[in-house]
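Contents: one structure, followed by commentary.
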Amino acid sequence: MQKIALWGVIPAFALIVLIYTSIKNGSMEGQVSGFASGIATDFISRRPLGFTVFTQTIIGFVYGIFKSNVFIDFIIAPFLMAFIATILKALLTVILSIFFPGSSVKAYSFFTAELWIESLYNAVL
């Protein structure tokens, strides 16, 4: 993934696939997909087990609620969905980092370019 990094920021492919799966199949499939992708990510990262599981499961549930309520066009809706999901992931990460002080969890800062680059990167992909 480092070969496609922009300014040290890599895209969250699991998040993009999770959004698609949740919108297409509903909240239960979104939760299951979020749990599976979160546990896989937690096993290969240095985050506490369950950290990414929580954020991905919440995002899968939230996006799954909109299964039949969202008209998905070709460009604008997927762009906005990925952008908003990245911001939601950052917000959940900041909230969860309060409960894991001193761990290897890197909380996002809303005042640095890293979050906004990742949001745009995910939205474009």
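A few comments on the model shown:
- Among residues of the stretch 46-62 that are at pLDDT below 90 and crowded, with 17+ Cβ neighbours inside 10 Å, those with a Cβ under 8 angstrom from a residue that is assigned to a helix (DSSP H, G or I) and of a type in the set (D, E, K, R), sequence gap 6+ or separate chain, pair up as Phe51/Asp42; Thr52/Asp42.
- Restricting attention to the stretch 63-80 and to residues that are aromatic (Phe, Trp, Tyr) and at pLDDT 85 or above, the residue that is least open to solvent (accessible area, probe 1.4 Å) turns out to be Tyr63.
- Answer from Phe83, Phe99 - the residue that is among the aromatic types (Phe, Trp, Tyr) and open to solvent by less than 90 Å² (accessible area, probe 1.4 Å): Phe83
- Looking across Lys67, Lys89, one residue alone is charged (D, E, K, R) and in a helix (DSSP H, G or I). It is Lys89.
- Within the stretch 6-45, the set of residues being modelled with pLDDT of 85 or more, hydrophobic (A, V, I, L, M, F, W, C), within 17 Å of Phe79 (Cβ to Cβ) and open to solvent by less than 80 Å² (accessible area, probe 1.4 Å) comprises Leu15, Ile16, Leu18, Ile19, Ile23.
- Pick from the stretch 102-124, criterion closer than 19 Å to Ile4 by Cβ and of a type in the set (D, E, K, R), ranking: surrounded by the most Cβ atoms within 10 Å (Cβ to Cβ): Glu118
The values are calculated or read from the model by the stated rules, or taken from the named source; none is laboratory data. Keep in mind it's a predicted model, so treat the numbers as computed, not measured. Neighbour counts run over all protein chains shown; Cβ positions are idealised from the backbone, glycine included. These area figures cover heavy atoms from the full protein model, side chains too; ligands, DNA and RNA do not enter into them. Shrake-Rupley method; radii C 1.70, N 1.55, O 1.52, S 1.80 Å.
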